[in-house]
């Protein structure tokens, strides 16, 4: 099978390339990136079944030319609020399925406007099958299905600042801590300011207890659309050390990151500090998530929770690659634009696949 990795030179794609290299039925992998020389170096490192290709995500014809004639495209080009919808549209025109690690709530809302177009084309598109969103959605669905009457789902994530990140990650953080996002309260969607509703969550080690805040990830908009009957769905996020989330919120409150153009400028200022390791001091080198599900089971109030931990590139790439392989192998065919919980019907089987690849997950359903 032939797989196209869009943004294949990015930090989040490294593990995906390693995984694809080890799959015997993957006969060729296109490393598509705007940085062609870097793509050539990476392709040479991985061997003959890897080939580099220039792609400009701002150019639809470039995208279509790059994507066409592949069994599936893997999406690592961010920030997703800028590119996700246009990439999906290009995939539909090229008649190629697509799986991404899209993590912006507004990007997801834009992506699902192409649902009918993808469905009519017979293409399976999954916008957001990384760790958050992705694994978090599937654990939320697992908890939802574990109860007769699920009512409340709280999704929490935290990133370690001592992880490999690039400019798209910086723009993403500035975006999700700026302005407003959508949450699910009393059975309806409401607008809530990002960086608010601080709470302390106990994550797996090495993160431990950390403050988290309302952020603009996609779970709080996708889950209520796909898991009916819930009264409450929240999405909180944080970064270790904690001052980074507060700084990102402050920049948003000052109006310095409330547009894509402003985030570009702020990223050029902050990225040299990131590369110097200024923000990684005192941080941890792993990322975590925790999902709490409340409702009724056997006529009694119940609380189940699920958590996981790992290096960000691994827990982001592994589910995306697994989903892409399932589509290419015709194990998953669900035309339309989906989130993780919408695309994956057998949640336990998929989670087992992730665990077999080394993803650490913990279930608490006492």
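Read the figures in this text as sums done on the coordinates, not as results from a lab. Model, not experiment: these values are computed from the prediction. Virtual Cβ from ideal backbone geometry, glycine too; neighbours counted across all protein chains shown.
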Using 15 Å as the cut-off for backbone N distance, which residues of the stretch 1-39 belong to the label zone defined by a point 7 Å from the Cα of residue 330 along Cα→Cβ? 1-2
FRET efficiency, 1/(1 + (r/R0)^6) with R0 35 Å, evaluated for residue 275 and residue 27 via beta carbons: 0.45
Tally the DSSP beta bridges in the chain and give the antiparallel ones as a percent, rounded to 5. 55 percent
Which of 12, 207, 82 moves most in a GNM of the chain, Cα contacts under 10 Å? 82
Just the Kirkwood number for the chain, please: inverse of mean 1/r across all distinct Cα pairs, in Å, one decimal. 20.4 Å
Förster radius 30 Å - calculated FRET efficiency between residue 61 and residue 202, Cβ distance, rounded to 0.05: 0.05
Spacing of the two label points (7 Å from each Cα toward its C-beta) at residue 356 and residue 232, in nm: 3.8 nm
For 248-261, 29-42, ranked highest to lowest by mean beta-carbon neighbours within 10 Å, the order is 29-42, 248-261
Taking every pair of distinct Cα atoms and averaging 1/r, then inverting, what Kirkwood hydrodynamic radius in Å comes out for the stretch 206-268? 13.8 Å
For the stretch 135-311: Kirkwood Rh in Å [reciprocal of mean 1/r, alpha carbons]: 16.8 Å
Taking the chain and dividing mean pair separation by its residue count, relative contact order in percent (alpha carbons under 8 Å, at least six apart): 22 percent
Residue 254-residue 35 pseudo-label distance in nm [points 7 Å out on the Cα-to-Cβ vector]: 2.8 nm
Mind grabbing the base-10 log of I(q)/I(0) for the stretch 3-50 at q = 0.16, 0.28 Å⁻¹? Debye formula, identical points on the C-alpha positions, no solvent, two decimal places. -0.35, -1.11
In whole angstrom, and with the biggest value first, how far do the Cα coordinates of the stretch 1-105 range along each principal axis? 33, 25, 23
Which of the peptides 60-71, 208-219 is most tightly packed, and how do the rest follow, going by the mean number of other Cβ atoms within 10 Å of each residue? 208-219, 60-71
Only Cα pairs under 8 Å and at least 6 apart count here; give the relative contact order of the stretch 135-311 as a rounded whole percent. 36 percent
Relative contact order (%) - criterion: Cα under 8 Å, at least six apart; region: the stretch 89-229: 26 percent
Within the chain, helix-based [θ] at 222 nm, where runs of 4 or more DSSP H residues each add -39,500 (n - 2.57), nearest 500: -11500 deg cm²/dmol
Ranked by how many other beta carbons lie within 10 Å on average, peptides 98-104, 272-278, 148-154, 18-24 from highest: 98-104, 148-154, 18-24, 272-278
Convex hull over the Cα atoms of the stretch 26-163, averaged projected area in nm²? 10.8 nm²
Just report the Cα centroid separation between the stretch 32-69 and the stretch 195-273, whole Å. 31 Å
Could you give the length gained by full extension between residue 152 and residue 95, i.e. 0.36 nm per residue of separation minus their alpha carbon distance, to one decimal place? 16.7 nm
Nearest-0.05 FRET efficiency for residue 297 and residue 54 at R0 = 56 Å, using Cβ-Cβ distance, is 0.55
